[in-house]
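Structure record follows, encoded as C-alpha cells.
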Amino acid sequence: MVDATFPPPPPDGRDAAPSPHCFTRREPLSAYLACDTHISSSALRRFERTGRAPQDTLAPDPTPREASLGDALHALLLEPDRFALEFFGMDGEDPPRGDVALPELLQRTWLSSRDCTALRLMQRNVRACTRAPLAQWLDTGAKELSLYWEDADGMRWKGRPDCFVDGVVVELKTTTDVRPQRFAKSRRRFGYDLQAALYVEGVTRLTGRRPRFVYVMAESVRPHSVWTQELDATEIAVATEALANLKARFRAAWDAHAAARYCAPTSPVLAADAIPPLAP
C-alpha cells in the first residue's frame, strides 16, 4: 500500500518534478528484504564484492542469530515496537508482559545487562546531541519507511532510510570511533556513501527535491560518544558518480547473464513496458 503520510511536496521550479514511478510502504523489515523486484544498495555491494551474477545478489545475506548492538540500537531508536517484540533485556528495565510465555521469549534476541546499559547510554546520547536536532528529527520524521522507485533507465530500486524529515535523510551508524577520519574508513569499507547516494536519488525521485544527507555516528564502546556528519556537495557528487558506474556494470552483467532468455515482468532491471519480445 502506498503510504499517504509521506506525500511529495510540490516542486518549486529549481528541482525536478516528483516521479510517478515512485512510492512508499509501511511494512515490516522482513517484507522489505523479501522484495526481489527492486534492487537495493546491499545487492549492488554484494555484486561488487563477490562477482556473482546480479540475479544471485537480490536475496539478502542470512541474518546472524545474535543481533549486534547496532541492530538493537536501530530498533530501540527507530522502531520501538519491533524492539519490544524481538529483544529481551536482562536488566529488568522493561520486563515482558506477564502473559508472554517462555517459548516466545526464547525466540527473541536476549541482551545482557551490559548490553542494555550500553544501549540506554547510546539512546540517551543520540537524543541529547546538540550538533543537530536529532531528538526532534527522530520524533517527527518518517522512520524506516520503505521507498521504491524506477530510474530513467527503467531499473527498479529500493531503499529504507533510517529517518527522513524536513528535507534531510538521517542515517544512524554504530562504530567504535566517531572521529570523522576514523569513520571515513568505515564509509569506504562498508559502502556507506553508495547507500547514501541511492537514498538521495530515491528521495529526490519521490519529492522532486534533493535532500541533505546526515550520518549520525554512535560509538558502541564507552564512552558511547555521538557525532554527526553531513555529506557536502562534492562528497555527494563523488558518491553519485560511483553509484552510476556500479549501476552500469550491474546492468551490463544482468543483460549478459539473461541474454538468451526472456526477462520476466518482475525483473528489477527492465520496466514492464521495456521488456523485449521473446525471440522466435
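The values are calculated or read from the model by the stated rules, or taken from the named source; none is laboratory data. Keep in mind the model is a prediction, meaning the values are calculated, not measured. Cβ atoms come from the backbone with ideal geometry, glycine included; neighbour counts cover every protein chain shown. Accessible surface is based on the protein model in full, side chains and every heavy atom, while ligands, DNA and RNA are left aside. Shrake-Rupley method; radii C 1.70, N 1.55, O 1.52, S 1.80 Å.
Between ALA252 and THR228, how many nm apart are label points set 7 Å from Cα along the C-beta direction?
So the two model labels end up 4.0 nm from each other.
For LYS158, go through the lysines and keep the ones whose alpha-carbon is under 16 Å away, minus same-chain ones fewer than eight residues off.
Qualifying lysines at Cα under 16 Å: LYS143, LYS247.
I need the phi-derived Karplus couplings for the stretch 151-159: 6.51 cos²θ - 1.76 cosθ + 1.60, θ = phi - 60°, integer Hz, Gly and Pro marked x.
8, 5, 8, x, 7, 9, 10, 9, x
Could you list the square roots of 5 times each eigenvalue of the Cα gyration tensor of the stretch 185-231, that is, the equivalent ellipsoid semi-axes, sorted largest first and rounded to whole Å?
Semi-axes from the Cα gyration tensor: 25, 13, 7 Å.
Under the 0.36 nm per residue contour assumption, what length would be gained going from the current alpha-carbon distance of GLN181 and ASN245 to full extension?
Between GLN181 and ASN245, full extension yields an extra 20.5 nm.
Suppose the chain between ALA128 and PHE190 were pulled fully straight at 0.36 nm per residue; how much longer would it get relative to their current alpha carbon spacing?
Taking ALA128 through PHE190 to full extension adds about 19.6 nm, to one decimal.
If you average over every viewing direction, what projected area does the convex hull of the Cα atoms of the stretch 25-95 give, in nm²?
If you wrap the Cα atoms of the stretch 25-95 in a convex hull and average its projections, you get 6.0 nm².
Calculate the spin-label point distance for SER68 paired with ASP56, positioning each point 7 Å from the Cα along the beta-carbon direction, and give it in nanometres.
About 2.5 nm separates the two model spin labels.
How far apart, in nm, are the 7 Å Cα→Cβ label points at VAL221 and LEU121?
Each label point lies 7 Å from its Cα, and together they span 1.3 nm.
When only alpha-carbon atoms are used, what values of Rg and Dmax, in angstrom, describe the stretch 69-137?
That works out to 13.2, 43 Å for Rg and Dmax.
Just order 28-39, 115-126 by mean Cβ neighbour count inside 10 Å, highest at the front, would you?
So the peptides 28-39, 115-126, ranked by packing, come out 115-126, 28-39.
Round to the nearest 10 and report in Å² the accessible area of THR204, as given by a 1.4 Å probe over the protein chains' heavy atoms.
Here the accessible area works out near 30 Å².
Over all Cα pairs of the stretch 70-227, how is the pair count split among 5 Å bins, expressed in % and running from 0 up to the last occupied bin?
Binned Cα distances yield the sequence 2, 8, 16, 18, 18, 15, 11, 7, 4, 1, 0.
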